[in-house]
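*Asks:* Here's a structure for you.
Every read-out reported here was derived from the displayed coordinates using simple, explicitly stated rules and does not represent laboratory data. From a predicted model like this one, the values you see are computed outputs, not experimental measurements. So basically every Cβ, Gly included, is an ideal-geometry build from the backbone, and we count neighbours across all protein chains shown.
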4 protein chains.
Amino acid sequence: MGKYLRDHPVTPRTDEEKKSIVNRLKRIEGQVRGIQKMVEDDRYCIDILVQINAINAALNKVGLAVGERHMKHCVTHAVQSGEGNAAIEELIDVMKHFSK
Amino acid sequence: MGKYLRDHPVTPRTDEEKKSIVNRLKRIEGQVRGIQKMVEDDRYCIDILVQINAINAALNKVGLAVGERHMKHCVTHAVQSGEGNAAIEELIDVMKHFSK
Amino acid sequence: MGKYLRDHPVTPRTDEEKKSIVNRLKRIEGQVRGIQKMVEDDRYCIDILVQINAINAALNKVGLAVGERHMKHCVTHAVQSGEGNAAIEELIDVMKHFSK
Amino acid sequence: MGKYLRDHPVTPRTDEEKKSIVNRLKRIEGQVRGIQKMVEDDRYCIDILVQINAINAALNKVGLAVGERHMKHCVTHAVQSGEGNAAIEELIDVMKHFSK
């Protein structure tokens, strides 16, 4: 099923949507680089852990934004064409790993 | 207290320790860049979510490695010099945000 | 909106569905009581932490089962009657607290 | 090692410490029973998910309290008797499952 939905034409992301997500990911990329520097500079462990927490939180927000869009487009289309349950099961399956 | 421990001379990370953590962070940085490309290429949302899960798991592992070293050096030294409880409370405080 | 969906007639849970969820919750309730006894018997902290992890995992599974049913019924009905986005936003909102 | 520490005499929990943890667990037990009733009464899924989130958060707080005490007593004693690293590795190991 995953494959099926994956190949279906869904509403492509608008340029604005892409830019918004990519910008958030660029900021996260910069934070990850920042931690590398903290490690090299022998910075205090607790300060590094605080940064790791911040990145995890930022990544989770991106994940929720991607998930929300997925539900509003892909899952919604699937429901409308009678394939909702398969799309929902696919999403729940990925969330199982998320919440673990 | 945090400040106090932070300014204390702790065992500096060896070059090998730094390299091991930095390499893992470089890999994570590459994964974050990979997601940017997936978004720009309009890749399927579920595949993006799977990647985000993978990065979160990799970051958590780095966090645990940093935390383990922190306990084996900073917290251990603090315990030995009678300041253990303050160091432990500082660590628990950062874990509160981790587990939230 | 939440209120609106909340008052809408949704497919009521079957007796079998209720029984399956309630049985899992009864098991979790028993596990929570088990930890109380472990604390009273002065059992080793690590063994208690392992049990807390187990309960968290079991609760997350119940949450995903409830969420899956919610999507397959409430959200699906909302999509079919043109109110999908509101239902999806309500669900994402609760997941924000879940993943935190 | 785990076994070793487990059999060591550690500072037993005071009655007050036990009561504080057990009371929190009793409240959690009541919340789990509350969800059973919500399911039986066919309450709205989102309200059930909010309750599950609340229980998870409460359980995590108990876990952190148990972990803090563990570090302040068992791990501290282990450090003082030269067995700190084994105790720290045991704790990190249980946290690996926690943060997953």
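*Asks:* What does the convex hull of the Cα atoms of the protein assembly as shown come to per residue, in Å³, rounded to a whole number?
*Replies:* Working: hull volume 60.4 nm³, N = 400.
Convex hull of Cα atoms, per residue: 151 Å³.
*Asks:* Can you count the Lys pairs in the range C:15-99 with C-alpha separation below 17 Å, eight or more apart or on different chains?
*Replies:* On the way: C:Lys18/C:Lys26; C:Lys18/C:Lys61; C:Lys18/C:Lys72; C:Lys19/C:Lys61; C:Lys26/C:Lys37; C:Lys26/C:Lys61; C:Lys61/C:Lys72; C:Lys61/C:Lys96.
Close lysine pairs under the 17 Å cut-off: 8.
*Asks:* So, one more: So if I place +1 on the C-beta of Lys and Arg and -1 on the C-beta of Asp and Glu, and nothing else carries charge, what would the dipole magnitude of the protein assembly as shown be about its Cα centre? I want it in debye, nearest 20. Working shown, then result.
*Replies:* Details: 64 positive and 56 negative charges, 0 e Å.
With only Lys, Arg, Asp and Glu charged at Cβ, the dipole is about 0 debye.
*Asks:* To the nearest 20 debye, what is the magnitude of the charge dipole of the range A:17-99 about its Cα centre, counting +1 on the Cβ of each Lys and Arg and -1 on the Cβ of each Asp and Glu?
*Replies:* On the way: 12 positive and 11 negative charges, 83 e Å.
I would put it at about 400 debye.
*Asks:* Please give the calculated 222 nm ellipticity per residue for chain B, where each DSSP H segment of at least 4 residues contributes -39500 (n - 2.57) and the sum is spread over every residue; nearest 500 deg cm²/dmol?
*Replies:* Numbers: 5 runs with 79 residues, N = 100.
Calculated at 222 nm, the ellipticity per residue is -26000 deg cm²/dmol.
*Asks:* Send over the semi-axes of chain A's equivalent ellipsoid, whole angstrom and largest first, taken as the square roots of 5 times the C-alpha gyration tensor eigenvalues.
*Replies:* On the way: eigenvalues 245, 50, 17 Å².
The equivalent ellipsoid of chain A has semi-axes of 35, 16, 9 Å.
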